[in-house]
Amino acid sequence: MKIKYDKTTDTLYVEFSDTTVTTKRLSDDIAVDYDAAGKLAGIEVLGAKHLVGKEWPRERVEYQEDMLVKV
């Protein structure tokens, strides 16, 4: 699993599987990605600070394998 946040676009992406996906929009701010088998592969949140909270990291970070790394 990877969690990525981009401060420039205020976009949060949680990736469960690195694969080719089909995207379904749940709202203007939230999209979900499914793999070919229909399993959840990722979630994208636009306007993450507003939806997730103001305490979210203030710069672009990537979380992977229990480690927070600046990108």
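FYI, it's all coordinate maths here, none of it is from the lab. Values in this document were obtained by computation on a predicted structure and should not be read as measured data. As a convention, Cβ positions derive from the backbone with ideal geometry for all residues, glycine included, and neighbour counts pool all protein chains shown.
Values as computed for the structure displayed
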| item | result |
| --- | --- |
| Backbone HN-Hα couplings from phi across the range 10-19 [Karplus 6.51/-1.76/1.60, Hz, Gly and Pro as x] | 6, 10, 10, 10, 10, 10, 8, 8, 8, 7 |
| Label point distance in nm, ILE3-SER17, each placed 7 Å from Cα along Cα→Cβ | 2.1 nm |
